[in-house]
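The structure appears below as structure tokens.
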Amino acid sequence: MKIKFFSVILLSILFIASCGSSSTRSSAGPSASSTAARPKWTEIPEKIDRGDAVFFIGSSNYSKSEDDAIKQASQDAFNKVSNFFGVSVKSTLVDEQTLINGVDSYKLAINSTLTGKQIEVKNYQIKEKYTEKIGKEFNAFVLVSIPKSELARIQIEVDAFGVWALKSNVSEPAADKMRELFPILDNKKGIKINQQIDFSDKTPAEIFDATKKAFFLKIECNEIKAEENNDEFYSIIEIKIELFDLMTGKTLNRWTSEGKGAAYSREDAVNGGITKALNEIIGQL
């Protein structure tokens, strides 16, 4: 075990010393067993943590062209990024690289729980490329660097956790009832509401900075009319809900409904109104 541990440490030291540039190097050799010319970083499996970034090493074998070898190795590196977030992917080309507003963006094999679209790595660098020619075919290694801040952003999007806030003039029964929304949002939208915050006029950006969560569910539940007639109570409840994407600041959905409750106690009338209004919103999810 000690020999293996010191071997990993030695490779890490050699890796750090060899990653100062983003050059492309190549070597021609008669067989795949000729590995002496390979830079040390190609010997490190999967990834390495270095300072404020994580490096992912991708490789490919026996491609028909050098360009295709590098493409396949890049694919392998980003498959390992997907694995980093607990998403196992096959070796097929499931990821996609695009150029958006002049910036490279790599779509991972992970879908956003809300939109269903692939989550993107929007900030990365290909630090090193190495290819070798084996007869008429090519092997390649690619070293991809991703800042830890970008990995943290992606993790927030992958986890899809959210916060909620409630403003109500019947707050006690409303709070208990609103929590019934959370498992439904998780089941239908993949959003996991797991923290309550104070209701305020903070912007989505301010809430994101304070909570580091992906979503915000803003709920207003108010009794807008109450009556008593012949010992029977009537209550009209209005519910307004807004769902925000805290990472973009965009409003994703708005729901509004009213419900009328009638009972022989005021408490039951209020609860009945809340239940009817909430069930109407649940039907729209």
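Every read-out reported here was derived from the displayed coordinates using simple, explicitly stated rules and does not represent laboratory data. Just so you know, these numbers come straight off a predicted model, no measurement behind them. No Cβ is skipped: glycine too gets one built from the backbone with ideal geometry, and neighbour counts run over all protein chains shown.
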Quick one: Karplus J couplings for the range 183-194, per residue in order, coefficients 6.51, -1.76, 1.60, θ = phi - 60°, nearest Hz, x for Gly and Pro? x, 6, 5, 5, 5, 8, 10, x, 9, 10, 7, 9
Between Asn111 and residues 5 or more places away or on another chain, the pairs with built amide H atoms under 5 Å apart involve Ile119
Tell me, what ³J(HN,Hα) does each residue in the range 141-156 have, in order and in whole Hz, if you take phi through Karplus 6.51 cos²θ - 1.76 cosθ + 1.60 with θ = phi - 60° and put x for Gly and Pro? 10, 10, 10, 9, 10, 10, x, 4, 5, 6, 5, 5, 4, 5, 4, 4
Formal net charge of residues neighbouring Cys221 (Cβ-Cβ distance under 10 Å; K, R +1; D, E -1): 0
Name the lysines eligible as straight-distance cross-link partners of Lys64: C-alpha to C-alpha under 27 Å, and not fewer than 8 places from it in the same chain. Lys40, Lys47, Lys80, Lys90, Lys107, Lys127, Lys129, Lys133, Lys136
Going by amide H atoms built from the backbone, whose H comes under 5 Å of the H on Gln196, apart from near neighbours? Trp164
With θ set to phi - 60°, apply the Karplus curve 6.51 cos²θ - 1.76 cosθ + 1.60 along the range 258-275 and write out the HN-Hα couplings as whole Hz, x wherever there is a Gly or Pro. 10, x, 10, x, 9, 6, 8, 9, 4, 4, 5, 5, 4, 4, x, x, 4, 4
The set of residues whose placed amide H lies less than 5 Å from the amide H of Val170, leaving out same-chain residues fewer than 5 positions away, is Glu223
Test of understanding: what is the full-extension gain from Val87 to Phe182, defined as 0.36 nm times their sequence separation minus their Cα-Cα distance? 31.8 nm
